[in-house]
Amino acid sequence: MKKKRSISYAKWGYIFIAPFFIAYAVFTLFPQLLTIYNSFFENYREGLTQIGPNFVGLKNYVKLFTPDKAGTIGILKYAANTMILWLLGAVPQIVVALLLAIFFTSYRLKIKGQQFFKTVIYMPNLIMASAFSMLFFTLFSNVGPVNQLIQAWGWSDIPINFFAKTITVRGLISLMNFLKWFGNTTILLMAGIMGIDQNLFEAANLDGASSVQTFFKVTLPLLMPILVYTIITAMIGGLQMFDVPQVLTNVNGMPDRTSMTLIMYLNSYLSGSQNYGMSGAISVIIFIITGLLSMVVYRSLTKKD
């Protein structure tokens, strides 16, 4: 009797996942390696003259951390700006999203119309960031509706220049990022809470646990994987913050570059002198910062059983 040939399902698994790895290698891994490679070269345009590519080793990295005439190290200043803007927007975003997620999924309140609320809070996420920035620029300009209301109510005799003060510019950028992303975070956290076994909440209720105790002893520990994911993705998005401050501050990061982010700094080399060496070095530093912060956040919010 002939033996039946066994079917190897393993190879079909590799075939099905191969497109992802191919796309990742071509569109992500290879550009990353090319960026690291370019960071060791002098390659820019001066007028109509193309200079390079010439191998310069670590010269680009040294230049990034060399103080200017005022004694300021640009990349450190812009990294601090980015972290401040991210924290001002991300902390309220996570807190409000968590509270809304608990409110809408509460087994005690049993809120109706969850689909409607999900749609409403997610709508700001559908607006293009550039359009959102132009809207806020118009609202808070010297002749905008906000200044007109302030003067009409007698709070100020002259228009307030919101874009001349660091605190107001950073506040507007953080407010826009909060409004744009808190809905997406809320939906993710709602999905995480609804994935928790409802019997655990009922058991906590029967044992006499209060709402606060139920949150900290049941909800938060079981929601932690989703919460860690949202915080890390929010942090990565914050480090890549570009379009909102770029449009709102007219590319300049005003006032005095206190709202210029790392990606805006990177873009200044690409759009101006097309200095691929310096932009590559900045990209590598952003990659290292992102990796280190992600590791810190992950290790601080997770623990072994």
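Table for the structure above
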read-out	value
Residue in the stretch 290-297 that is more than 22 Å from T168 (Cα to Cα), surrounded by fewer than 18 Cβ atoms within 10 Å (Cβ to Cβ) and among the polar types (S, T, N, Q) present	yes
Selection from the stretch 244-259 of residues that are surrounded by fewer than 23 Cβ atoms within 10 Å (Cβ to Cβ) and touching a Pro at 6+ places or on another chain (Cβ under 8 Å)	G253
Search result, residues across the stretch 136-167 that are hydrophobic (A, V, I, L, M, F, W, C) and surrounded by 13 or more Cβ atoms within 10 Å (Cβ to Cβ)	F136, F137, L139, F140, V146, I150, I160, F162, F163
The listed residue being in contact with a helix residue (DSSP H, G or I) (Cβ under 6 Å, 6 or more places away or on another chain) and either exposed (fewer than 15 other Cβ atoms within 10 Å of the Cβ) or hydroxyl-bearing (S, T, Y) (or both), out of T185, T219	T185
Lone unmet requirement of (1) surrounded by 17 or more Cβ atoms within 10 Å (Cβ to Cβ); (2) farther than 30 Å from S106 by Cβ; (3) at pLDDT 90 or above for T230	(2)
Selection count, the stretch 235-252, where residues are in a helix (DSSP H, G or I), touching a helix residue (DSSP H, G or I) at 6+ places or on another chain (Cβ under 7 Å) and under 19 Å from S130 (Cα atoms)	8
Residue check for A131: more than 19 Å from T185 (Cα to Cα), in contact (Cβ under 8 Å) with a residue 12 or more places away in the chain, out of contact with any helix residue (DSSP H, G or I) (no Cβ under 6 Å at 6 or more places or on another chain) and among the small types (G, A, S)	no
Subset tally (residues that are of a type outside the set (S, T, Y), within 26 Å of Q246 (Cβ to Cβ) and touching a residue at least 12 places away in the same chain (Cβ under 8 Å)) for the stretch 33-82	13
Neighbours by Cβ (under 6 Å, 6+ apart or cross-chain): first from the stretch 264-284, closer than 8 Å to S39 by Cβ; second modelled with pLDDT of 85 or more and among the aliphatic types (A, V, I, L, M)	A281/L64; V284/I36
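The values are calculated or read from the model by the stated rules, or taken from the named source; none is laboratory data. Computed from a predicted structure; not experimentally measured. A quick note on method: Cβ atoms are made from the backbone with ideal geometry, for glycine too, and the neighbour counts reach across all protein chains shown.
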